[in-house]
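*Asks:* Once you've had a glance at the structure underneath, I'll fire off some questions.
Every number here is computed from the coordinates shown, using simple stated rules; none is lab data. Computed from a predicted model, the values in this text were never measured in an experiment. Here the Cβ positions follow ideal geometry from the backbone for every residue, glycine too, while neighbour counts run over all protein chains shown.
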Amino acid sequence: MKELIRKYLSAKADRHDQSRLLTWLRQGKNLQAFNVEKAAWEEEALEGEMLLESQYQWNKIQKRLLHQSQSDLKKKTVYLQYFKYASVVLLFLTLGITTYFLATDTNQSSDFYTEVSAPAGQKTQIMLPDSSVVRLNGGTMLRYNNSFGAENRFVELDGEAYFDVRKSSRKAFIVHTRELDVKVYGTSFNVNAYANDHTVEVGLKHGSVGIEQNKQEVLRIKPGQLVTYSKEANRFRVNNADISMISAWTNNELVFDEKPFNLICKYLERWYGVDIALSNELIDNQKYTFRVKTESLHEVLELIRELKPINYQIDGETVKITKP
């Protein structure tokens, strides 16, 4: 597969090659092997030379798709086919069949947006045009426009994602959320920024990231640190943390560290794609810590039952949890 990976990274892979690589990436832990080979390829490549050719091919695809939309003033949507159980979605050179595009027709603008979503109960892995890899947790949306990689590396995030960013000394990689921006040049980190949550969390595994508000850096964190931003108090808190626990969801593990029961239920809603009706009697200040490899919702609720007395009823996508 080494030759095929390098062929793909050099933008020389044809449709058959791309299909073979996608099939291989869906199997087991092959993404890790891909990332190792990608890192070696990047070290050998002259700065920007190979990437430039890849970006050229990427821009051609965008222009072709944009041209198809110009005869229709309505937005054209091609829906993303979601692959369950942490599947791999290659966006680079295969975007037309795996994502949906938002093309806006105006006389002055040719902006072309790509929006990728992972529905509640599912996870998705994507590769951006600069070869950065992003894992999306359930209920997450990621969006970027056609200038990504060529003019900027700017993405918008609503939800939780783990980023493995390709290094570039010339273009910073910026993750924009409603409350703050995360700015990096090449690193691995986790961002939890659901729009309806009360906090935003950024955990850094490798490298260095800056946290910005209104385009001003307010703090910078080091590996092993977790920054928590309170939306209500407009305040930051930085703690040392086990980032592997925070990003354990990428390995299909549920990890809760000192979390109240109502927040655990909210997380379970996104994890399993269900609606949980929680009795007010069960909302208290008690906090729980546990870690479990992905089980069925029934098995997780049985585990919680050992920690906290509850009754529950599962009816399709609706779950009712009450006090005994």
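*Asks:* Counting each pair of different Cα atoms once, what's the Kirkwood radius of segment 252-322 in Å, rounded to one decimal?
*Replies:* About 12.3 Å for segment 252-322.
*Asks:* Give Lys123/Lys259; Lys2/Lys215; Lys167/Lys266; Lys38/Lys222; Lys222/Lys287; Lys123/Lys215 a once-over and call out the pairs whose C-alpha atoms are over 29 Å from each other.
*Replies:* Exceeds cut-off: Lys2/Lys215; Lys167/Lys266; Lys123/Lys215.
*Asks:* Here is a further query. What ranking do Val238, Val200, Val274 get, fewest neighbouring Cβ atoms within 10 angstrom at the top?
*Replies:* In increasing order of surrounding Cβ atoms, one gets Val238, Val274, Val200.
*Asks:* Considering only DSSP states other than H, G, I, E and B, which trypsin sites (Lys or Arg not before Pro) in segment 168-255 qualify as loop sites with at most 12 other Cβ atoms within 10 Å?
*Replies:* Arg170, Arg178, Lys215
*Asks:* Take the Cβ-Cβ distance between Asn214 and Asp257 as r, set R0 to 30 Å, and report the resulting FRET efficiency rounded to the nearest 0.05.
*Replies:* 0.45
*Asks:* Here is a follow-up. Contour minus end-to-end for Lys167 and Leu303, with contour as 0.36 nm per residue of separation and end-to-end as the Cα-Cα distance?
*Replies:* My answer for the length gained is 44.8 nm.
*Asks:* Pull out the extension gain between Ser244 and Asp275, defined as 0.36 nm times the separation in residues minus the alpha carbon to alpha carbon distance; nm, one decimal.
*Replies:* So the extension gain works out to 8.4 nm.
*Asks:* Quick one: length gained pulling Ser230 to Asp14 fully straight, 0.36 nm per residue minus the C-alpha distance?
*Replies:* Using 0.36 nm per residue and subtracting the Cα-Cα distance, I get 73.0 nm.
*Asks:* Another question about this same structure. Nearest 0.05, what FRET efficiency do Gln313 and Arg291 give at R0 = 45 Å with Cβ-Cβ as r?
*Replies:* For Gln313 and Arg291, the calculated efficiency is 0.95.
*Asks:* Need one number: nm distance between label points at Ala40 and Thr23, each 7 Å from Cα along Cα→Cβ, rounded to one decimal.
*Replies:* Taking the two extended label points, one gets 2.4 nm.
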